[in-house]
Each structure stands twice: as C-alpha cells, then as structure tokens.
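Worksheet: the structure to be examined is printed underneath.
The values are calculated or read from the model by the stated rules, or taken from the named source; none is laboratory data. Here the structure is a predicted model, which means the values were calculated and not measured. Glycine gets a Cβ as well: all are built from the backbone with ideal geometry, and neighbour counts include every protein chain shown. Only protein heavy atoms, including side chains, enter the accessible area calculation; ligands, DNA and RNA are left aside. Shrake-Rupley method; radii C 1.70, N 1.55, O 1.52, S 1.80 Å.
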Amino acid sequence: MAKIYLDHGATTPLHPEVLEAMKPYLTDLFGNPSSLHSFGREVRKGLEEAREKAAAAIGAEEREIVFTSGGTESDNLAIRGVARAARQRGNHIITSAVEHHAVLDACLGLREEGFDVTVLPVDGYGMVRVSDVEAAITDQTILISIMLANNEVGTLQPVAEIGKIARGRGVVFHTDAVQAIGNLPVNVNDLHCDLLALSAHKHYGPKGVGVLYVRKGTRLKVFNFGGSQERKMRPGTENVPGIIGMGRAIELAVQELDKKADRIRKLRDKLIAGVLEIGDVRLNGHPTERLPGNVNVSVRYVEGESLILSLDLKGIAASSGSACTSGSLDPSHVLLAMGLDHQTAHGSLRLTLGAGNTEEEIDYVLSVMPEIVSRLRSMSPVYAGQRRD
Amino acid sequence: MYTEKVMEHFTNPRNVGEIADADGMGEVGNMKCGDIMRIYIKVNEQDVIEDIKFRTFGCGAAIATSSVVTEMVKGKTLDEALEVTNKQVAAELGGLPENKLHCSNLAADALHKAIEDYRNKRVAEKSNLKETGK
Ligand SMILES: Cc1ncc(COP(=O)(O)O)c(C=O)c1O
C-alpha cells in the first residue's frame, strides 16, 4: 500500500542535502566548539556559518541569532525572558487565543507570577484584529506575542501591522514563525518584531533544534545558567549537528520558497475543493490568508480520530483537533476560539501538504475520502437524526 | 496505540444500526467530550437480548467498545447483561490506551441504560394494564 504523508504541520522529513551537511558533524567533526584547539575551531567555524545562514534567511544579524532546542524553548525563552527583564516597567502581556501552547501556556503561566495577561479573541477565520491589539495596549504593557501562521488552521496573522503598532508604542513584540518559515517570506524588519521563534523540524531540518531571533537591544533575563554559549542566553554545549542541519535547512527553505509554495498551494486548493464536494464539510481557517500547505476541514457528524484511523488504514497520515487527539478532554482551543461548536471541532481533520506530495496522491486521497466519511456517518447517531431518507 | 482487536472492531463493527421497534434504548456521552453512544435492544419473553444494535459518534475506542459490547451480550439474559462492566469491555478488546479508559469506554453504561429503559417501559405497561382492567 502506498503511504501518503499529509502531516507536515506536525513535522517534516529531513531534506537529503541537510543530512549530507550534518554527517561530518556526527562523525569526524566532533570537537567542542568552545575548545581552542583545531578540533574545536573547525566545529566553531561550521556553527558560525549556520548562524550566518539563519540570520540571512530572516534578514537578521548574526549576533541576533540564538540557537535553542526548538520552537518550544524559543517561545518560552522569549516570553518569560522578556517578562522577567521588563518587570520593573510593567506587568501586562498581550497574546491571542489561537497561539501554540508553547506561547499560550508560557503567557498564562506568568499569571501565577503576578503578570496580567490579555488573551485576544479571534474572528471566525482564526484571525486576530489589529484594532483589538491596539486597544489592549496600556502603559503597563511590556510584551505582545502573536504568531505569524497558525499551526492548526493555517491562518496568517497581520503580524507586520501589529509589529508596527508595538514599535510605535514601545512594546516588545514576539512572533512565533515556526510554521511560516519556508512557506512565506519571513523578514524581521518587515515584520517589525523584536523576537521570532523558529524550529528546524518544521522546515525539513532535524528535530530538537530551533532559533530565537533577538533584536539587538532587546533585554531578556534567562533562567538557565552555565557556560557562555549563545551569548549566555542559552548556556550549554551546543547541539552541533542539529545547528548545522538547521542552518542548511533554513537556507534551502528560503531558496526553494517560491517554487515550492506555488506548487503546494495548487495542490492544497485542489484538495480543499475536492473534500468540500463530499458535502456537509466546512473549511476551517481563512480561504486565502492561509499557509500554502494547510487544509483544515470539519466533517459534520463524524469524529476526527475515527477519520484519522480510517485514513491511516488507507496509508494516509493526517491529524485532527478532536479531544481524542489533542490529548485533553476538550477539542482544539484554536477551533473553539474561532467559534466552532464542539461537534464541529471534534470533527476536524487537518491535512498538511509538503514538498514531497504529488497530484496523484491528492487524487488518491480524494478517491478514498467519500467512502470513509459515509461509512463513519452511517455509524453516527447524530447523522441518523439528520437523514432525510 | 490500539490493540489489533480494537482495530478489527473499528474496521468491521458488529451490529451497527438501529432497531425501529426497539424494546429499549440507551444513550450515554455528550458532544462536549466528543463521544455519543446509542444502543438499541430487542428482548424476548425469556428476558433474553434477541437483537442489539448501536450507533456511535466517537473515536476508535468508542466505536470498538460499542461493537464488542453488542457481541458480548447478544443472546444473554438481561441479568447477565447487567453484569457486564466497562472494565470487562476494555479487557475483551485486549485493553485500551490509558486516556481512553475514562471517556470513550462507556458502552456498558449505554447497554445498562437500554435495559433500564426496557424495564421502565414494562413497569409502565403493567400499571397501564392494571388500570384498564379496573
Ligand atoms: C506554531 C508552533 N510553535 C511552536 C511549536 C513547537 O516547536 P518544537 O516542536 O520545535 O518545540 C510548534 C510545533 O508543534 C508549532 O507549530
């Protein structure tokens, strides 16, 4: 049976060229980059080249790049780091209801430390209103954190506008660009952000490595202490092979962006149109302002996990925002924030396309979906009530 | 994460559907947590479950537990069926993932509700008979 991977929002396969770049650093080039001898110096050189690549990819300077263990650490370092550093100036933080938990829970956790956290609502497409951000800023506001692209429904946020407002009001602005990089242009100056989080495994790099961009002059109070690696913002011997992989992956992601995004967007639109044809299927997220590879739909009368299991039996890998797959008793906080009722949220299905997907694969998915949906609907008590036959 | 038996029941669920003239119907779950199970029973003179059907909105575990419980009690007396617990249903499937034991393992409850429904109706019928006999 053919296997079709449509879960690039969860993670992506390693680009072959990334693997090639990493190999020497998993074998011969094992030195500690902090060592003064040739073994260390050679690795240091590779590390700094990776930093140059990451900086160039987002329009930053090299010394503004901090390598971390991934998106989660980058978000936490940004949010908690700023909160602690700016404590004297104010205690108010603004974020949105559709953030990844790495941002949302980091912000909410600060409430326990006496911070006042505003969680902005979103519209039906999952988009934050710029005017809401503006209205929420007070003289106590020290940080705004709004993601660039949503990981569940793919909605793109008006981050550049929000960044401009934050800059004008003198508030530090963080954006989680984990899902955006490689899918749309990401430039820290165009976005007017002070902090920006990235994760290599979402753009064909290795897992367990990420970047936090920290604009010069932005003060962070760190919580880990040790060596002076990463300008003391991330002490500890570096994940060298990972960082080398991140550098190469982000370089490729930017180089291949135009070519890849257009092709994937076409496949996405075909997939959306085909799935909507099944009937009683709703597109979640914005119709156009969305990630090129993101398809998120709610299939009425059926539950998401059972859809995923059925697709998996046909070799298709997908995900859902249903409670059973979100790991809690509630369905996805993103879908609920968008105003979906529980049934619709439980019936959500996310198919995220990537570089390797072909039109034949989309055709195959569309050929098996109707049967899967009608089988599950035939078992559903909520559907039985709706039938007109 | 699911056992082979869960996947087998998910793929080929037994006794899906409804019974138009059911003697009892039981429903458990709610849309908030994403599981709704409905079980219909047909009971004969000897208090034996002659036919049983289910409809379920829910995850793989919800569908598999509904399916297997219908198999476990078809042909059993109501008293025997009332002995079946959610725990036994999970065991029959070779176990369920930890996070499914609570929310998606309610098939025995749905069955018990169907039996209760049947018995309540019988009591009501009897008292009706008495009244009309007066
Ligand atoms: C938007 C967003 N932020 C943060 C993360 C966390 O990244 P990581 O898995 O590298 O910790 C993810 C990945 O799931 C994500 O999609």
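Of all residues in region A:172-185, which are open to solvent by 10 Å² or more (accessible area, probe 1.4 Å) and hydrophobic (A, V, I, L, M, F, W, C)?
If the condition is that a residue be open to solvent by 10 Å² or more (accessible area, probe 1.4 Å) and hydrophobic (A, V, I, L, M, F, W, C), then A:V172, A:V178, A:L184 are the ones that fit.
Looking at region B:74-97 only, could you name the residues that are closer than 19 Å to B:M1 by Cβ and touching a residue at least 24 places away in the same chain (Cβ under 8 Å)?
B:V89, B:A90, B:E92, B:L93, B:G94, B:G95, B:L96, B:P97
Open to solvent by less than 10 Å² (accessible area, probe 1.4 Å), farther than 30 Å from A:M22 by Cβ and modelled with pLDDT of 95 or more: is that true of A:I137 in this structure?
Numbers: open to solvent by less than 10 Å² (accessible area, probe 1.4 Å): no; farther than 30 Å from A:M22 by Cβ: yes; modelled with pLDDT of 95 or more: yes.
In short, no.
Scan region B:8-31 and give yes if some residue there is in contact (Cβ under 8 Å) with a residue 40 or more places away in the chain, open to solvent by 40 Å² or more (accessible area, probe 1.4 Å) and hydrophobic (A, V, I, L, M, F, W, C), otherwise no.
Checked against the condition, which is being in contact (Cβ under 8 Å) with a residue 40 or more places away in the chain, open to solvent by 40 Å² or more (accessible area, probe 1.4 Å) and hydrophobic (A, V, I, L, M, F, W, C), region B:8-31 yields at least one hit.
With the condition kept exactly as written, say whether any residue in region A:42-49 is within 16 Å of the ligand (Cβ to nearest atom), at pLDDT 95 or above and among the β-branched types (V, I, T). Steps first, answer last, please.
Restricting attention to region A:42-49, the residues satisfying the condition of being within 16 Å of the ligand (Cβ to nearest atom) are none.
Within region A:42-49 (the criterion being within 16 Å of the ligand (Cβ to nearest atom), at pLDDT 95 or above and among the β-branched types (V, I, T)), the answer is no, since none of the residues qualifies.
Each row is one residue, and each column tells you yes or no for (1) within 14 Å of A:S74 (Cα to Cα); (2) more than 16 Å from the ligand (Cβ to nearest atom).
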| residue | (1), (2) |
| --- | --- |
| A:N187 | no, yes |
| A:S199 | yes, no |
| A:H203 | no, no |
| A:G210 | yes, no |
| A:R215 | yes, yes |
| A:S228 | no, yes |
| A:D269 | no, yes |
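Sort out which residues of region A:134-177 are farther than 20 Å from A:G81 by Cβ and either within 12 Å of the ligand (Cβ to nearest atom) or within 13 Å of the chain's Cα centre (by Cα) (or both), and write them in order of number.
If the condition is that a residue be farther than 20 Å from A:G81 by Cβ and either within 12 Å of the ligand (Cβ to nearest atom) or within 13 Å of the chain's Cα centre (by Cα) (or both), then A:A149, A:N150, A:N151, A:E152, A:V153, A:G154, A:T155, A:L156, A:Q157 are the ones that fit.
Can you work out which of the residues in region B:49-74 that are open to solvent by less than 10 Å² (accessible area, probe 1.4 Å) and in a strand (DSSP E or B) is farthest from A:S320 (Cα to Cα)? If you could, list the steps in order and put the result at the bottom.
Restricting attention to region B:49-74, the residues satisfying the condition of being open to solvent by less than 10 Å² (accessible area, probe 1.4 Å) are B:49, B:52, B:54, B:56-70, B:73.
Applying the additional criterion that residues be in a strand (DSSP E or B) yields B:49, B:52, B:54, B:56-57.
Working: B:I49: 37, B:I52: 31, B:F54: 25, B:T56: 18, B:F57: 15 Å.
Top of the filtered list is B:I49.
What are the pairs with Cβ atoms under 8 angstrom where one residue, in region A:184-200, is over 25 Å from A:G245 (Cβ atoms) and the other, located anywhere, is within 15 Å of the ligand (Cβ to nearest atom)? Sequence gap at least six, or different chains.
A:D194/A:H174
Test A:H192 against the stated conditions and say whether it is open to solvent by 10 Å² or more (accessible area, probe 1.4 Å) and within 13 Å of the ligand (Cβ to nearest atom). Show your work before the answer.
On the way: open to solvent by 10 Å² or more (accessible area, probe 1.4 Å): yes; within 13 Å of the ligand (Cβ to nearest atom): no.
Criteria not met by A:H192.
If you go through region A:84-107, how many residues are open to solvent by 70 Å² or more (accessible area, probe 1.4 Å) and either among the basic types (K, R) or within 12 Å of the ligand (Cβ to nearest atom) (or both)? Explain how you work it out, then say what you get.
Of all residues in region A:84-107, those open to solvent by 70 Å² or more (accessible area, probe 1.4 Å) come to A:84, A:87-89, A:100-101, A:105.
Now drop any that are not either among the basic types (K, R) or within 12 Å of the ligand (Cβ to nearest atom) (or both), which leaves A:84, A:87, A:89, A:100-101, A:105.
Residues that pass the stated criteria total 6.
Which numbered condition in (1) under 23 Å from the mean Cα position of the chain (by Cα); (2) not in a helix (DSSP H, G or I); (3) not assigned by TED's automatic domain parsing to the domain that holds A:L143 is the only one that A:L198 fails?
The single condition A:L198 does not satisfy is (3).
Of all residues in region B:1-48, how many are basic (K, R), more than 8 Å from chain A (Cβ to nearest Cβ) and in a strand (DSSP E or B)?
Taking region B:1-48 and keeping what is basic (K, R), we get B:5, B:14, B:32, B:38, B:42.
Those still in the list that are more than 8 Å from chain A (Cβ to nearest Cβ) too: B:5, B:14, B:42.
With in a strand (DSSP E or B) added as a condition, the list becomes B:42.
Going through region B:1-48 one residue at a time, the tally reaches 1.
Quickly run through region A:56-80 and pick out the residues that are more than 16 Å from the ligand (Cβ to nearest atom), part of a helix (DSSP H, G or I) and either within 13 Å of A:V178 (Cα to Cα) or touching a residue at least 40 places away in the same chain (Cβ under 8 Å) (or both).
Listed by number, the residues that qualify are A:A56, A:A57, A:R63, A:E64.
Can you tell me which condition A:L313 does not meet? The list is (1) touching a helix residue (DSSP H, G or I) at 6+ places or on another chain (Cβ under 8 Å); (2) open to solvent by 50 Å² or more (accessible area, probe 1.4 Å); (3) closer than 24 Å to A:L148 by Cα, and all the others hold.
Going through (1) touching a helix residue (DSSP H, G or I) at 6+ places or on another chain (Cβ under 8 Å); (2) open to solvent by 50 Å² or more (accessible area, probe 1.4 Å); (3) closer than 24 Å to A:L148 by Cα one by one, A:L313 breaks only (3).
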